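J.: The structure is given below, and queries will be raised subsequently.
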Amino acid sequence: MKRKSEYFQGCLIGGAIGDALGWPVEFMRYSQIKGKYGKEGIHDLVISSSGKAEITDDTQMTIFTAEGILRADSVLNNQQICDEALSVYYSYQRWLITQGYTKVKEYEHIYDGWLLNKVELNARRAPGNTCLSALSSKKQGSINNPINNSKGCGGIMRVAPVGLYYEKEKAFVMGAEFAAITHGHPSGYLSAGAFAFLIASLIEGNEIELAINETIAELINYDNHKECSDILVKALELAKSNVSDEEAISELGEGWVGEEALGISVYFSLKYSNDFEKGLIASVNHDGDSDSTGSITRNILGAYLGLGKIPMKWMESVELKDVLLRLANELLNKSSN
Ligand SMILES: [Mg+2]
């Protein structure tokens, strides 16, 4: 049975909560996290002076991906031709402005919309250098015309809405294309395509292990898939074995690059597929890129388990909850899923 409203909302809200939980420890080693938050590591959202738990660039860019898709949808609905990747590129140019960059003349016509004035989106929370430099170069990367050789996780961490809006094969193509706007290495964009496909497969109603296997089967049709497909196979094996999370993560990496972020998130999603809270805590307490692995893992589990399985106290305290719910509902109303 297809997963509808609750799961669209769960995907975006879940990702934001994962991002917010991981943010205070993003650049800390596991030993430092335990030193500061106790032997179980960080296990609750840190509330900032604004009264909310802060999201970071992962969720901010996810919001702009959703905006780009929805803007393209309304153009297409008016029977006009629309380049969907260009629409998302323009959305990322708006995101760039929120990060303190100056508006440029060529893009004057695109600086509009309801997101630009949101205070929470105008906060800089360690935005990825590749995203900043690629977008400020004013060159739009694509799979066929890569603009760099980066495979940082900045491509994958922002494409969950792609899997909500498009059916799965198209979600793979578009997820990869939207990531390639800034990340030119195959593992930078194929990890994003695989992630979007996985979300779409869950929305279609599949169980998580089947969805992962389907994702691998789709991924291997693409050139240069090996880094991504190998790590997914390894993540599946590790999740089903009885090694500790710490050992598993040491085999999968730290999550700073696309394929590692995908592998780590898939590992935690499968291992903790029935327990949002436990899995979330595990997914940010490690040496690596905690907010990105937290956010990708929770996008996956939110799409699988739905909003109802997310602790209410976390949903209420995460920044931009209302924006995320609105976008989830719009994606549902417009999607072909
Ligand atoms: Mg971040």
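None of the figures in this text is laboratory data; all of them are computed from the coordinates on show. Predicted model only: the values in this text are computed from it and were never measured. In this analysis, Cβ positions are derived from the backbone assuming ideal geometry, glycine residues included, and neighbour counts consider all displayed protein chains.
J.: Considering only the stretch 130-217, give the helices (runs of 4 or more DSSP H) lying wholly within it that have at least 1 residues that are surrounded by fewer than 21 Cβ atoms within 10 Å (Cβ to Cβ).
T.: Result: 168-180.
J.: Still on this structure, please answer the following. Just one of (1) within 16 Å of the ligand (Cβ to nearest atom); (2) assigned to a loop (DSSP other than H, G, I, E, B); (3) closer than 20 Å to Pro161 by Cα trips up Ser336, so point out which.
T.: The one condition Ser336 does not meet is (1).
J.: Checking Asn242 against (1) without any contact (Cβ under 8 Å) to a residue 24 or more places away in the chain; (2) buried (at least 19 other Cβ atoms within 10 Å of the Cβ), only one condition comes out false. Which one?
T.: (2)
J.: Now, a different point. Pairs needed: first member in the stretch 51-62, among the aliphatic types (A, V, I, L, M); second member anywhere, in a loop (DSSP other than H, G, I, E, B) and near the ligand (Cβ under 10 Å from one of its atoms); C-beta distance under 8 Å; at least 6 residues apart or different chains.
T.: From the stretch 51-62, the pairs are Ile55/Arg125; Met61/Gly154.
J.: A further question on this structure: From the list Glu319, Glu330, which residue is of a type in the set (Asp, Glu) and over 19 Å from Gly163 (Cα atoms)?
T.: Glu319 is the lone residue from the list that is of a type in the set (Asp, Glu) and over 19 Å from Gly163 (Cα atoms).
J.: Let me ask something else about it. So, of the residues in the stretch 1-57 that are among the aliphatic types (A, V, I, L, M) and in a helix (DSSP H, G or I), which turns out to be nearest to Ser201 (Cα to Cα)?
T.: Leu12
J.: So in the stretch 1-60, with the set limited to residues that are of a type in the set (S, T, N, Q) and within 11 Å of the ligand (Cβ to nearest atom), which one is surrounded by the most Cβ atoms within 10 Å (Cβ to Cβ)?
T.: Thr59
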